[in-house]
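Down below is the structure, laid out as structure tokens.
The values are calculated or read from the model by the stated rules, or taken from the named source; none is laboratory data. The structure displayed is predicted, hence computed values, not measured ones. When we count neighbours, we look across all protein chains shown, and the Cβ atoms used for this are built from the backbone with ideal geometry, even at glycine.
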Amino acid sequence: MRILIVEDDREAASYIRKGLRESGHVADHAGDGEEGLEMARAAEYDVLVVDRMMPRMDGLSMVEALRADDDRTPVLILSALGEVDDRVEGLKAGGDDYLVKPYAFAELLARVEALARRRDPDTVRTKLVVGDLEMDLLARTVVREGEEILLQPREFRLLEFLMKHSGQVVTRTMLLEKVWDYHFDPQTNVIDVHISRLRSKIDKPFPRSLLHTVRGAGYRLQA
Amino acid sequence: MQARGAAFLRTTAFRQTLLSAALFALASFVTLGFVYAASAGMVLRRADAAINEEVEQLDASFQAGGIRTVNRYILERTVGGGADYLYLLVHPSGRSLSGNLTYLPDVQPDDEGRVQFTYRRPAAGDRDDADGKDDRTARGRIIDLPSGYQLYVGLDVDEETRLVSRMLNTILAASALALALGVAAGIFVSRRFVRRLDRINTVARRVKAGDLQPRAPRNFTGDELDELSENFNNMLDRVEALMHRMRHTGDSIAHDLRTPLTRMRNRLDEALREDGDRQSREQALERAVADTDELLGIFNAILSLSRLEAGESRASIQRLDPADIASDLAELYEPVCEDEGLAFAAEIQTGLILLGDRGLLSQALANILDNAVKYTPAGGAVTLRLRETGEGKIEFSVTDTGPGIPDSDRGRVTQRFVRLDNSRTKPGSGLGLSLVQAIADVHNGTFELGEGPGVVADGHGAGLRASLCFPKAPAGS
């Protein structure tokens, strides 16, 4: 994957760049919004990682300029501003996801990969398949090895999200945001508990497990 | 003193009173002027009427016997002095024929043929004349008779005009006096006003200089200045409380962050000194990363708390059904409770409407539920309840059968970084309940802690009942 990092803090940029390269991606760096806009226009990127506050042109203006050109490249906005209204502002400007500083690299990587996946033409998929696990989005049914699995509505949404991002790491924060729409971190391990519930339904009765825990990062659904 | 006086003249209070004094003086001037016009006019009108009557008499004499009769009429009246009127009959050649005036006044008559002039009294002693002056004011008419004779008929109006001019002087003096008194009263009143304002300003200056103790003086009359003082003092109380809290928070942050930072430093130090053992070094680093995350979590909590308390967070307040919030959280926490061996129940009343921010309210409830899960021992119970109270408020409550919080500590735990002794072993920043309190405040709600349904005799605690109360949304959209 080819990723452009637009970040004025060189140290932070090189930390992200190194991490992304180690994960097998190609990462370029732009030092401010204007340079970032130029580079984004000049080359095809899969994902842009854009810092919000930068000299010359701030991140939101840069994203707005890109969107005005009808450039739909997914954008992850990085920001030290983490209140709900800041987040809403970021998404309104055309960002696809919003990550508050400070963050763990694993969180950034998971989100970048999730964003790249979203670009795939999967808009009208009515069926999700991971190995022998199948989800019918219209009939709201889940079947594994021909056996129907009954899920609570929230469990269904949790599994749907995991299946849409199968093969990728999904963090606990991502799940809280995307499945529950909560933008705070509970002190207790609520997500782990829900994952283990889901696991007991979709994995336990079967010989091969699909839902894996990725230490220090989150979970991955993989055949 | 000079500068102070000049400054006083510039005050709004002084200018206002000066203006009102001037207006008052003007009003009295206009009123008295009206009185003057009415009475002075009347005096002259009466004189004119008398003159007209005498002119008619003379006219009748002329009709009866021509100039001679007129001449005789005048002679009869003026010989020996003591005439009421002033007369002068002038021959066409300009020679005076008869009368008690020596010459015709050289004054242009007005539209009605009247003249007013000063004459020299012909003979002294026939009238009481207090000031002894001989120049007197007269008023009368000059009538042109046929064949070139001219006749003057007039009245001495010296007394009257003098009275009128005295009246005018009195009126001017009274107006000037009114103006002077008004200004003096204004200075007096505004001085008092300015002095009271000065005291408030002095307090403001001292506060600006860094002394938060002084308060504006009050006289408890409830007048505007008293109200200003009261509001001013309330503001200072709030500022002082905020400053105090800030200082306290600063100290607490330093104190509470020192522990995890020291721990982290020790771990990193140990990892450096560890000989060769790659695995334990990695473990130490991982724990250090976890410590960092915890610290960052505390910082984030402080940040959101500060923004909430400062009222800066533009929470997106909307009409919402609190049942949605409660049931989402019930669904999130039920499995957690079950895993911890706690019986979880949710009693949720539907159909209520609340003005609130879903994210913030959810976070407040999540913090309370986190605490319930953390402190209630296995075998206990946690209940989440949403209902309309008897007072018509919307209440979220979470009850648990944990150890509870002693009465004396209940007010304290919502303060920042306050952690009760028995909770120090559990993870947490001591900010959770402060955040709940701040969220309640943002929503004009209340957050209260009370006794739970636990049974102390069982060896468990009394339990805790945490209650968040909010006003119902007003009807309509």
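Residues that are at pLDDT 90 or above and more than 12 Å from every other protein chain (Cβ to nearest Cβ) number at least 3 in the following strands (runs of 3 or more DSSP E) confined to the stretch B:301-412: B:343-348, B:381-388, B:393-400. When the stretch A:117-144 is limited to residues that are in a loop (DSSP other than H, G, I, E, B) and of a type in the set (Lys, Arg), the one that is modelled with the highest pLDDT turns out to be A:140. The single condition among (1) surrounded by fewer than 16 Cβ atoms within 10 Å (Cβ to Cβ); (2) more than 20 Å from the chain's Cα centre (by Cα); (3) not aromatic (Phe, Trp, Tyr) that residue A:12 does not satisfy is (2). Restricting to the stretch A:31-46, name every residue that is buried (at least 18 other Cβ atoms within 10 Å of the Cβ), closer than 22 Å to residue A:117 by Cα and among the charged types (D, E, K, R). The answer is A:46, and nothing else. The set of residues in the stretch A:185-208 that are closer than 15 Å to residue A:107 by Cβ and surrounded by 21 or more Cβ atoms within 10 Å (Cβ to Cβ) contains only A:191. Suppose we keep only residues that are surrounded by 14 or more Cβ atoms within 10 Å (Cβ to Cβ) and assigned to a loop (DSSP other than H, G, I, E, B) within the stretch A:153-170. Which one would you say is farthest from the other protein chains (Cβ to nearest Cβ)? In this case the residue turns out to be A:166. Scanning the stretch B:262-300 for residues that are within 14 Å of chain A (Cβ to nearest Cβ) and among the β-branched types (Val, Ile, Thr) yields B:289, B:292, B:298. Can you tell me which residue in the stretch B:203-223 is nearest to residue B:241 (Cα to Cα), limited to those that are of a type in the set (Lys, Arg) and part of a loop (DSSP other than H, G, I, E, B)? Top of the filtered list is B:215. Tell me, which residue of the stretch A:60-81 that is of a type in the set (Gly, Ala, Ser) and under 19 Å from the mean Cα position of the chain (by Cα) is surrounded by the most Cβ atoms within 10 Å (Cβ to Cβ)? Of everything passing the filter in the stretch A:60-81, A:79 is surrounded by the most Cβ atoms within 10 Å (Cβ to Cβ).
Would you pick out the residues in the stretch A:207-223 that are more than 16 Å from residue A:197 (Cα to Cα) and in a strand (DSSP E or B)? Across the stretch A:207-223, the qualifying residue is only A:214. Only one of the numbered conditions (1) outside any loop (DSSP other than H, G, I, E, B); (2) of a type outside the set (D, E, K, R); (3) away from every other protein chain (no Cβ under 14 Å) is violated by residue A:173, and that is (3). What about residue B:187, is it out of contact with any Pro (no Cβ under 7 Å at 6 or more places or on another chain), touching a residue at least 24 places away in the same chain (Cβ under 8 Å) and not assigned by TED's automatic domain parsing to the domain that holds residue B:301? Spelling it out, residue B:187 is indeed out of contact with any Pro (no Cβ under 7 Å at 6 or more places or on another chain), touching a residue at least 24 places away in the same chain (Cβ under 8 Å) and not assigned by TED's automatic domain parsing to the domain that holds residue B:301. When the stretch B:141-197 is filtered for residues that are surrounded by 14 or more Cβ atoms within 10 Å (Cβ to Cβ), of a type in the set (Gly, Ala, Ser) and part of a helix (DSSP H, G or I), the ones remaining, listed by number, are B:174, B:175, B:178, B:182, B:185, B:186, B:190. Within the stretch A:176-198, the set of residues being among the β-branched types (Val, Ile, Thr) and more than 7 Å from every other protein chain (Cβ to nearest Cβ) comprises A:179, A:191, A:195. When the helices (runs of 4 or more DSSP H) confined to the stretch A:22-116 are screened for residues that are more than 14 Å from every other protein chain (Cβ to nearest Cβ), those reaching at least 3 such residues are found at A:33-42, A:59-68. I need the full set of residues from the stretch B:271-285 which are surrounded by fewer than 14 Cβ atoms within 10 Å (Cβ to Cβ) and part of a helix (DSSP H, G or I), in order please. Result: B:272, B:273, B:278, B:279, B:280, B:282, B:285. All of B:449, B:435 fail the test of being modelled with pLDDT of 80 or more, closer than 28 Å to residue B:350 by Cβ and touching a strand residue (DSSP E or B) at 6+ places or on another chain (Cβ under 6 Å), apart from B:449.
Residues are listed down the side, and each one gets a yes or a no for (1) exposed (fewer than 13 other Cβ atoms within 10 Å of the Cβ); (2) within 13 Å of residue B:153 (Cβ to Cβ); (3) among the aliphatic types (A, V, I, L, M):
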| site | (1), (2), (3) |
| --- | --- |
| B:16 | no, no, no |
| B:19 | yes, no, yes |
| B:22 | no, no, yes |
| B:27 | yes, no, yes |
| B:37 | yes, no, yes |
| B:40 | no, no, yes |
| B:54 | no, yes, no |
